[in-house]
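Notes to accompany the following structure.
We did not get these values from a lab; they are worked out from the coordinates using the rules stated. Every value quoted in this text rests on a predicted model; they were computed, and no experiment measured them. Here the Cβ is made from the backbone with ideal geometry for all residues, glycine too, and neighbour counts use every protein chain on show.
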Amino acid sequence: MENITVKEVSERLANGESFHFIDVREIWEYEEDNLGARNIPLAELPNQLEELTSLKNEEIIVHCRSGARSAQAQMYLKQQGFTRVVNMTGGIVAYREAGL
């Protein structure tokens, strides 16, 4: 599975690079702190799959609090035929700890 570091994500966001960014944490977690990604809680991902179908061959970076739920989301999306799903290792915790 492909991974990306928080530093790489930060740089790509700062450079305005094009990719789809999905936060799979719960809504309350997202409301407390977010990086501007689209919020689709992990448990809701199967229900939102149809909305994401047009992104099957586009780059999607997923993240969560620490990287575990986003790894599950990455695996699930790959099983559903999404070809370019990347997990942000360490999640928002690592992002904030890095001072980004």
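Under the rule of at least 5 residues apart or a separate chain, name every residue whose amide H is placed under 5 Å from the amide H of Val86.
For Val86, whose amide H was placed from the backbone, the distant partners under 5 Å are Ile60, Ile61, Val62.
In whole Hz, with x marking every Gly and Pro, tabulate ³J(HN,Hα) for region 88-97 from phi via Karplus 6.51 cos²θ - 1.76 cosθ + 1.60, θ = phi - 60°.
Working through the residues one at a time gives 7, 5, x, x, 5, 4, 5, 4, 5, 4 Hz.
Under a crude label model (7 Å from the Cα following the beta-carbon direction), how far is Lys78 from Ser66 in nanometres?
Calculated label separation equals 2.1 nm.
Using a Förster distance of 25 Å, how high is the FRET efficiency between Lys56 and Val93, based on the Cβ-Cβ distance and rounded to 0.05?
0.30
Please give the net charge around Asp33, taking every other residue with its beta carbon less than 14 angstrom from that of Asp33, where Lys and Arg add +1 and Asp and Glu add -1.
-3
Using 0.36 nm per residue of separation minus the Cα-Cα distance, give me the extension gain between Glu8 and Asn39 in nm, one decimal.
Net length gain for the segment: 9.1 nm.
Apply the Karplus parameterisation 6.51 cos²θ - 1.76 cosθ + 1.60, with θ equal to phi minus 60°, to every residue of region 18-34 and state each ³J(HN,Hα) to the nearest whole Hz, in sequence, with x for glycine and proline.
Values, residue by residue: 8, 6, 9, 10, 10, 9, 9, 6, 5, 4, 5, 5, 4, 5, 5, 6, 8 Hz.
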